[in-house]
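The values are calculated or read from the model by the stated rules, or taken from the named source; none is laboratory data. Owing to the predicted nature of the structure, the values given are computational and were not obtained by experimental measurement. So basically every Cβ, Gly included, is an ideal-geometry build from the backbone, and we count neighbours across all protein chains shown. To get the accessible areas, we keep the full protein, side chains included, count just its heavy atoms, and leave off ligands, DNA and RNA. Shrake-Rupley method; radii C 1.70, N 1.55, O 1.52, S 1.80 Å.
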Amino acid sequence: MKNAAVVILAAGQGKRMRSAAPKVLHRIAGRPLVAFPLALAGSLSARRVVVVVGYGREAVEAAVASLPGGGGVRFAVQEEQRGTGHAVMAALPLLAGHEGPVLILSGDVPLLGRSSVAALFKAYARSGGRLAFIEFEPADPSGYGRVIRDESGAVVAIREDRDCSRAERRIAEVNSGIYAVDAGFMRRGVRKLKADNDQRELYLTDLVSLAARRGTAGVASAPPDEVCGVNDRADLARIEAIVLAGRTLELLRGGVTIRRPGTVQVDLDVRVGTDVELGAHVTLCGSTEIGDGCRVETGAVIADSKIAAGAVIKAYSVLEGASVGPGAIVGPFARLRPGTSLDENVHVGNFVEVKNTRLGRGSKANHLAYLGDGDIGAGVNVGAGTIFCNYDGYQKHRTVLEDDVFIGSDSQLVAPVRVGKGAYVASGSTITKDVPPDALAIARGRQKNKERAAPALRRALAARKKREGRT
Ligand code: UD1
Ligand code: MG
């Protein structure tokens, strides 16, 4: 397997997906489909990896280049998608000089494992080093190419579903679209392909009958789940469920408590420490990292965020691009947007939205607040209903609260503004000017109490109601 070249076929649009996006960019557990065969190629330390692109090629190339191992990939362009055989022809110039086996993978078959590839290479060797493919028996073979055998049981051809006779359609054994082919045989073989089929395409599968005529076509089998392809969104959902179930099992075994495994989604690139507890319906995606001993409660959604050890993310909180320090407590129902950074032991409570703001060690904003574009020091208390008025309709401005500041409830801080260390802002204030350190700022209307005025007011109001004929 070591000296093989790998070709990944990824030029097709995937019409059955009914999508503007190329099929191989649809995601499974956070990774595009094409990432899976690419990772497999990487694990085989292939000599070279060629990805055949066509439909949506700029997007596919960019996605591949950004994946691990994507930097060394070469792209072959298949301008018009005239079939899988035609796709391999497009790859030939980039395989120049390569001798020996070429492993052909399909961009839409994500679950293929190394042991099945090893079995394929054994079958390849048995074929005399010419060609072998992987067959399997799906629950429903419709749509797949059927494996046609002669009376002796030798493989003679692969026939596409739409080209099959009725009797052939009853064959349960199908082609997975994964092949190991000798480079020389492949070069000579693809030149002979003809589009004499229902789709008027050049079928790679015709290399199988060619190999059978020259001697034997090797065949290996694999479990259906490993080689089933993604052709529509139902396939995508089914395969994603398999991947996510595998991921939760791996986490459970690795020391993570998961309350209702079937409801939890942990994408493949997420890292989770030990003694972490995940509640039901938790979603962890992107590059998220959860440190040891964290608790993430029911319904929390965390994307591209870093949660340090011992932090608690309470129910139904939504985090995106945030960093949460050790021992911090977030939620329930908190929203942390990109650029949020909470230091050690910070508390952010219910209905608090934080964006592009740092909260220093031990600071608290426990109820109903909007903290945008701020810099909050350590030991600060932000009262209920506080709003950082950061946007004047044209530009964003910063609010700075130095260490040990106390912001009384229902205050607005009109940015740009700075509250000095240890200062106090009285409840209900609208702060528009900087507050010096240790000052008490009060910025609200003064209260006047009129003694014994309430009974007279009540009488006047009742009389008016009667005049207007209301009851
Ligand atoms: C193909 C096989 C079929 C097999 C099935 C397994 C052929 C003719 N048929 O059918 O025997 O049972 O896979 O999943 O090979 N592609 C290109 N350029 C093209 C056409 C396709 O790069 O011109 C790529 C697609 O992006 C995809 C792969 O080749 O990644 C397979 O193409 P698809 O159209 O899905 O083939 P199937 O009809 O599934
Ligand atoms: Mg397919």
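The set of residues in the range 64-93 that are assigned to a strand (DSSP E or B) and either more than 10 Å from ligand 1 (Cβ to nearest atom) or out of contact with any helix residue (DSSP H, G or I) (no Cβ under 8 Å at 6 or more places or on another chain) (or both) comprises R74, F75, V77. With the requirement that a residue be within 22 Å of A35 (Cα to Cα), acidic (D, E) and touching a strand residue (DSSP E or B) at 6+ places or on another chain (Cβ under 8 Å), what does the range 237-281 give you? Listed by number, the residues that qualify are E240, D267, D269.
Starting from residues that are farther than 22 Å from V88 by Cβ and over 18 Å from the mean Cα position of the chain (by Cα), keep the ones in the range 20-43 and report whichever is surrounded by the most Cβ atoms within 10 Å (Cβ to Cβ). That would be S43. Taking the residues in the range 137-153 that are open to solvent by less than 40 Å² (accessible area, probe 1.4 Å) and either away from ligand 1 (no atom under 14 Å from the Cβ) or over 18 Å from D206 (Cα atoms) (or both) as candidates, determine which candidate is nearest to the chain's Cα centre (by Cα). Going through the qualifying residues, I end up with P138. With respect to T263, determine if the residue is crowded, with 18+ Cβ neighbours inside 10 Å, without any contact (Cβ under 8 Å) to a residue 24 or more places away in the chain and among the polar types (S, T, N, Q). Taking the combined requirement at face value, the residue does not satisfy it. Among the residues of the range 280-296, those that are surrounded by fewer than 21 Cβ atoms within 10 Å (Cβ to Cβ) and over 13 Å from the mean Cα position of the chain (by Cα) comprise A280, H281, E289, G291, D292, G293, R295. Residues that are without any contact (Cβ under 8 Å) to a residue 24 or more places away in the chain and not aliphatic (A, V, I, L, M) were ranked within the range 42-64; the one that is farthest from ligand 2 (Cβ to nearest atom) is E58. From the list D225, D196, D206, the lone residue that is within 16 Å of ligand 1 (Cβ to nearest atom), surrounded by fewer than 16 Cβ atoms within 10 Å (Cβ to Cβ) and either among the polar types (S, T, N, Q) or closer than 19 Å to D161 by Cβ (or both) is D196.
Can you tell which of R169, R187 is open to solvent by 20 Å² or more (accessible area, probe 1.4 Å), touching a residue at least 40 places away in the same chain (Cβ under 8 Å) and away from ligand 1 (no atom under 12 Å from the Cβ)? Just a single option satisfies the conditions, and that option is R187.
Among the residues here, A309 does not qualify as of a type outside the set (F, W, Y) and within 21 Å of the chain's Cα centre (by Cα).
Within the range 68-87, being within 23 Å of the chain's Cα centre (by Cα) and either surrounded by 21 or more Cβ atoms within 10 Å (Cβ to Cβ) or at pLDDT 95 or above (or both) holds for one residue alone: V73. Just one of (1) open to solvent by 50 Å² or more (accessible area, probe 1.4 Å); (2) closer than 24 Å to S411 by Cα; (3) out of contact with any Leu (no Cβ under 7 Å at 6 or more places or on another chain) fails for Y316. It is (2). Every condition in (1) near ligand 1 (Cβ under 9 Å from one of its atoms); (2) surrounded by fewer than 14 Cβ atoms within 10 Å (Cβ to Cβ); (3) not acidic (D, E) holds for R114 except the one numbered (1). Scanning the range 154-166 for residues that are of a type in the set (G, A, S) and open to solvent by 30 Å² or more (accessible area, probe 1.4 Å) yields A154, S165.
Pairs are defined by a Cβ separation below 6 Å, a sequence spacing of at least 6 or placement on different chains, a first member in the range 230-243 that is over 17 Å from G262 (Cα atoms), and a second member that is open to solvent by 50 Å² or more (accessible area, probe 1.4 Å) and within 12 Å of ligand 1 (Cβ to nearest atom); the pairs so defined are N231/R16; D232/R16.
Filtered by the rule that a residue be away from ligand 1 (no atom under 11 Å from the Cβ) and assigned to a strand (DSSP E or B), the range 1-60 gives A5, V6, R27, I28, R31, P32, V49, V50.
On the stretch given as the range 354-375, residues that are closer than 10 Å to S341 by Cα, open to solvent by 50 Å² or more (accessible area, probe 1.4 Å) and assigned to a loop (DSSP other than H, G, I, E, B) total 1.
If the condition is being touching a residue at least 60 places away in the same chain (Cβ under 8 Å), over 15 Å from D182 (Cβ atoms), more than 16 Å from ligand 2 (Cβ to nearest atom) and of a type in the set (S, T, Y), then the range 80-132 contributes only S116.
Taking the criterion of being open to solvent by 70 Å² or more (accessible area, probe 1.4 Å), of a type in the set (V, I, T) and assigned to a strand (DSSP E or B), the only residue of the range 376-433 that qualifies is I387. Hey, can you tell me all the residues within the range 7-41 that are more than 11 Å from ligand 2 (Cβ to nearest atom) and of a type in the set (D, E, K, R)? Residues satisfying the conditions are R18, R27, R31.
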